[in-house]
1. Enumerate the calculated ³J(HN,Hα) couplings along region 4-21 in order (Karplus 6.51 cos²θ - 1.76 cosθ + 1.60, θ = phi - 60°), each rounded to whole Hz, writing x wherever the residue is Gly or Pro.
2. Given axes a ≥ b ≥ c from the Cα gyration tensor, I'd like to know whether region 49-158 is rounded (a/c under 1.5), prolate (a/b larger than b/c) or oblate.
3. Shape call for region 93-172 from the C-alpha gyration tensor, a ≥ b ≥ c root eigenvalues: rounded (a/c under 1.5), prolate (a/b greater than b/c) or oblate?
4. May I ask for the net charge around VAL76, where only other residues with Cβ less than 12 Å from the Cβ of VAL76 are counted and Lys, Arg are +1 while Asp, Glu are -1?
5. Could you derive backbone 3J(HN,Hα) for region 80-91 from the dihedral phi with the Karplus parameters 6.51, -1.76 and 1.60 (θ = phi - 60°), listing whole Hz in sequence and x where the residue is Gly or Pro?
6. By residue number, which cysteines of the chain lack any other Cys whose Cβ falls under 4.7 Å from their Cβ?
7. Using the per-residue mean of other Cβ atoms lying within 10 Å as a proxy for protection, in what order, highest first, do the peptides 119-125, 27-33 fall?
8. For region 66-72, just list the computed ³J(HN,Hα) in residue order, Karplus coefficients 6.51, -1.76 and 1.60, θ = phi - 60°, integers in Hz, with x standing in for Gly and Pro.
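The values are calculated or read from the model by the stated rules, or taken from the named source; none is laboratory data. The structure presented is a predicted model; accordingly, all values stated were derived computationally and were not measured. Positions of Cβ are backbone-derived with ideal geometry, glycine not excepted, and every protein chain shown enters the neighbour counts. Heavy atoms of the whole protein, side chains included, go into the accessibility calculation; ligands, DNA and RNA do not. Shrake-Rupley method; radii C 1.70, N 1.55, O 1.52, S 1.80 Å.
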Amino acid sequence: LLRIAARQGREDVALRSLDRVVPWLEWAPPWTIALPQMACDAAEALWVLRRFDHVELVKTTLREKVVAPDFRGPMVDGRLALARLCALQGCRDEALVWFAEARRVLGEQGARPLLAIAAYDEALMYVRQGDPGTRDQARSLLEIARDQFRAIGMTGWLRRADALGRELVKLD
């Protein structure tokens, strides 16, 4: 519900869900089965909504309970989640390190959907920063994401990439 509500723009529902999940993220041991999914969903909701509620706790949970022990879940990656949160907080250099690490691990796994999403999210980071000097990087990443979305039939994400591409054109 947390991630879905954020993607649907239902900020109030997403933030209420986040408030309920935060205590659990704090006390749940790293080996808890749903922990990677919930921590990554919390990070994605913050990224999508551009909110900072509980961001440090979510980052700590990701670092200590997901990435350090290398626990993984389907369609989530702790490194990608950390990249999003670092980008959200304006820590571009750290975000770039996490995006690169996410791509490395996702590539090794053959996780094509998340690889495409990582390229899209890195492009989105550049667009959100609004630095004219990074628009070429954003375009390049966006084209990589579009190609990957097309190749694996991720039509919803392809529409998002097209919309971001239009946004980039407006910035020129």
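1. With the stated coefficients, region 4-21 comes to 5, 4, 5, 5, 7, x, 8, 4, 4, 5, 4, 5, 5, 5, 4, 4, 6, 7 Hz.
2. oblate
3. Oblate shape, in that a/c is at least 1.5 and b/c is the bigger or equal ratio.
4. Spelling it out: positives minus negatives among the neighbours equals +1.
5. Rounded to whole hertz, the list is 5, 4, 5, 4, 4, 5, 5, 4, 4, 7, x, 8.
6. CYS40
7. In descending order of packing, they fall as 119-125, 27-33.
8. Result, rounded to whole Hz: 10, 6, 4, x, 6, 7, 10.
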